[in-house]
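J.: Structure incoming, see below.
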Amino acid sequence: VEVADRAEEQPLPTRAEATVTWLHRHDRAHGDLLREHATTLQLPDGKGRVWGGAERGVMRDLRRHFVHVRGLDRSDTHLTAYWTQGETQDSEV
């Protein structure tokens with residue numbers, strides 16, 4: 001999870017066997033750390049899935065990485081763009 005700094009970390013209760021990695025952005029651009037982390041992330045053996053939500057350009061880049069570089073099926077990447085950098089909610093009106 002990419003956040004501005006340690007102060008933005010929040011409890012993420014889950015029943016899943018999940019390990020949360022907090023990426024502290026500080027003065028870096030939004031999404032930079034997510035992109036970097038994806039390239040070094042150790043994926044478990046066997047078939048798996050990737051889930052994420054962030055800005056549209058970041059999700060596009062991560063999908064390309066996991067499908068074209070890591071070889072996952074596109075259907076196994078569940079990456080959702082919740083907003084687009086530079087656009088407001090009113091931009092679609």
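J.: Where residues in segment 56-67 are touching a residue at least 24 places away in the same chain (Cβ under 8 Å) and within 9 Å of the chain's Cα centre (by Cα), which of them is farthest from TRP83 (Cα to Cα)? Outline the logic, then answer.
T.: Initially, segment 56-67 is screened for residues touching a residue at least 24 places away in the same chain (Cβ under 8 Å), giving 56-58, 61-62, 65-66.
If we keep only those that are within 9 Å of the chain's Cα centre (by Cα) too, we end up with 58, 62.
Values: VAL58: 10, LEU62: 15 Å.
My answer is LEU62.
J.: Counting just the residues of segment 17-57 that are basic (Lys, Arg) and part of a loop (DSSP other than H, G, I, E, B), which one comes out surrounded by the fewest Cβ atoms within 10 Å (Cβ to Cβ)?
T.: First, the residues of segment 17-57 that are basic (Lys, Arg): 25, 28, 35, 47, 49, 56.
Now drop any that are not part of a loop (DSSP other than H, G, I, E, B), which leaves 25, 28, 47, 49.
Numbers: ARG25: 16, ARG28: 13, LYS47: 8, ARG49: 11.
Only one residue fits best here, namely LYS47.
J.: Here is a further query. Looking at THR80 and the list (1) touching a Phe, Trp or Tyr at 6+ places or on another chain (Cβ under 9 Å); (2) assigned to a loop (DSSP other than H, G, I, E, B), which single condition is not satisfied?
T.: (2)
J.: May I pose another question? Within the set of pairs 6 or more residues apart or between chains, which connect a residue that is within 13 Å of TRP51 (Cβ to Cβ) inside segment 1-21 to a residue that is of a type in the set (Phe, Trp, Tyr) with Cβ atoms less than 6 Å apart?
T.: VAL1/TRP22
J.: Which of (1) under 20 Å from THR21 (Cα atoms); (2) in contact (Cβ under 8 Å) with a residue 40 or more places away in the chain does GLN85 not meet, given it meets every other one?
T.: Condition (1) is where GLN85 drops out.
J.: When you scan segment 71-82, do you find a residue that is of a type in the set (Lys, Arg), under 25 Å from VAL3 (Cβ atoms) and surrounded by fewer than 17 Cβ atoms within 10 Å (Cβ to Cβ), even just one?
T.: So far as segment 71-82 goes, no, none of its residues is of a type in the set (Lys, Arg), under 25 Å from VAL3 (Cβ atoms) and surrounded by fewer than 17 Cβ atoms within 10 Å (Cβ to Cβ).
J.: Which condition number in (1) in contact with a His (Cβ under 8 Å, 6 or more places away or on another chain); (2) surrounded by 14 or more Cβ atoms within 10 Å (Cβ to Cβ) is the one that VAL67 fails?
T.: Of the numbered conditions (1) in contact with a His (Cβ under 8 Å, 6 or more places away or on another chain); (2) surrounded by 14 or more Cβ atoms within 10 Å (Cβ to Cβ), the odd one out for VAL67 is (1).
Since every read-out is calculated from the coordinates, none of them should be taken as a lab result. Please read all numbers here as calculations on a predicted model, not as lab measurements. Cβ: placed from backbone, ideal geometry, glycine included. Neighbour counts: every protein chain shown.
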